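The values are calculated or read from the model by the stated rules, or taken from the named source; none is laboratory data. For clarity, every value in this text was computed on a predicted model and none was experimentally measured. For neighbour counting, all protein chains shown are included, and Cβ atoms are generated from backbone atoms with ideal geometry for every residue, glycine included.
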């Protein structure tokens, strides 16, 4: 098994995944058993019932903890199930601060599911550290951020926010889905918990739904262990196997995503039919990202998530309708290029007023640039934009 000093790609391929001792298989077997024979009453071989633990799931959890630099990780049936497990750290009367521009399902979960249980949520522009500091109250227990945000690609200074949180004895959780641990390491920057929708870049093939929480303390381990067992929203063995498969190629995939993303962003930046491009890797020109320096400081790549403003719903619809290589659909992070319309997809639940408040327009289109031949992508975007 690869040690913690091994390189990222080596750990992605080997950590938690030694050859099977029975057969020598180099891939972790898919353990589909729901229960396990016990040697005698009170004595088992580490597993008793798959809701509490499964060897395939364990392999994934060990690997993901290593990649993010955490103590342990726990995988759940979806990214939203992971965020729900995160909120179980709270109790009635506690206060949570969340970034104001995050995936639309997050405030929907907070406001419509957890708020009625007496947990208070406040939404803040976490790129403004002083605004965050001012929002912290004596009962604040958690700050949850996305960086870059979905879909406006705003950045939060993780190290600065972590310093503020810890000075007030508040924990910081970071949704690292857009960057993956290959390009961004929130725990190294002071975060207490890292969350992913493993459905996205970690899986990378648009065929495995899941979520993960990577914790840094024994308290996180014991709490999330308990939630897995008590609530049961765990990741299935098959989904665990799929994501393990995907993680093996994470390093090489992210490098290609990043290369293609930079080229596509530059192309869109210079295109007359595109009103605005949101991409952290643009350092100059009309769409230079205002937080480029921060992006270069806390990320080792800029990734492949790009949002463009086309000016109206009709133009957005026309563009997406003409695509031939890229696919219009929800989700992101797959090897194929996926294009979505935030106003009617990921952030529809915010309503028109909620979207306007955070700056999401009907003319915005979000691109998850895949790893196809980039020339084919540029040709596809060119012909689609010509029809706008």
Requested in this report: Provide a single number: the residues in segment 279-294 that are under 17 Å from residue 125 (Cβ atoms) and either part of a helix (DSSP H, G or I) or free of Cβ contacts under 8 Å to residues at least 12 places away in the same chain (or both).
Outcome: 2
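Mind listing whichever residues of segment 114-134 are assigned to a helix (DSSP H, G or I) and farther than 15 Å from residue 95 by Cα? Walk me through how you get there before you give the answer.
We begin by selecting, within segment 114-134, every residue assigned to a helix (DSSP H, G or I); these are 114-117, 129-134.
Across segment 114-134, the qualifying residues are 129, 130, 131.
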Query raised in the report: Yes or no: residue 14 touching a strand residue (DSSP E or B) at 6+ places or on another chain (Cβ under 7 Å) and touching a residue at least 12 places away in the same chain (Cβ under 8 Å)?
Result: no
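Suppose the filter is in a helix (DSSP H, G or I) and more than 15 Å from the chain's Cα centre (by Cα); does residue 108 pass it? Quick ask: steps written out before the conclusion?
On the way: in a helix (DSSP H, G or I): yes; more than 15 Å from the chain's Cα centre (by Cα): yes.
Judged against the criteria, residue 108 is a match.
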Query raised in the report: If you check every pair at least six apart or on different chains, which have Cβ atoms under 9 Å apart with a residue in segment 26-44 that is not assigned by TED's automatic domain parsing to the domain that holds residue 229 first and a residue that is modelled with pLDDT under 95 second?
Result: none
Query - Hits in segment 325-337 - residues which are surrounded by fewer than 21 Cβ atoms within 10 Å (Cβ to Cβ) and either within 17 Å of the chain's Cα centre (by Cα) or closer than 19 Å to residue 263 by Cα (or both) - result: 325, 327, 330, 331, 335, 336
Query raised in the report: Can you name the residue in segment 130-158 that is touching a residue at least 40 places away in the same chain (Cβ under 8 Å) and exposed (fewer than 15 other Cβ atoms within 10 Å of the Cβ) and, of all such residues, is farthest from residue 360 (Cα to Cα)?
Result: 139
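Looking at segment 110-119, is at least one residue outside the structural domain of residue 283 (by TED's automatic domain parsing) and either buried (at least 24 other Cβ atoms within 10 Å of the Cβ) or closer than 21 Å to residue 219 by Cα (or both)?
We begin by selecting, within segment 110-119, every residue outside the structural domain of residue 283 (by TED's automatic domain parsing); these are 110-119.
Filter once more, keeping what is either buried (at least 24 other Cβ atoms within 10 Å of the Cβ) or closer than 21 Å to residue 219 by Cα (or both): 119.
Yes, some residue in segment 110-119 is outside the structural domain of residue 283 (by TED's automatic domain parsing) and either buried (at least 24 other Cβ atoms within 10 Å of the Cβ) or closer than 21 Å to residue 219 by Cα (or both).
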Report summary line: Taking segment 269-278 and the residues there that are in contact (Cβ under 8 Å) with a residue 40 or more places away in the chain and out of contact with any helix residue (DSSP H, G or I) (no Cβ under 7 Å at 6 or more places or on another chain), the one that is surrounded by the fewest Cβ atoms within 10 Å (Cβ to Cβ) would be 275
Query raised in the report: Which residues, taken from segment 295-323, are under 20 Å from the mean Cα position of the chain (by Cα), within 18 Å of residue 368 (Cβ to Cβ) and part of a loop (DSSP other than H, G, I, E, B)?
Result: 299, 301, 302, 303, 304
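Could you tell me whether residue 336 is within 16 Å of residue 178 (Cα to Cα), in contact with a strand residue (DSSP E or B) (Cβ under 8 Å, 6 or more places away or on another chain) and without any contact (Cβ under 8 Å) to a residue 60 or more places away in the chain?
Working: within 16 Å of residue 178 (Cα to Cα): yes; in contact with a strand residue (DSSP E or B) (Cβ under 8 Å, 6 or more places away or on another chain): yes; without any contact (Cβ under 8 Å) to a residue 60 or more places away in the chain: no.
Here the answer is no, as residue 336 does not meet what is asked.
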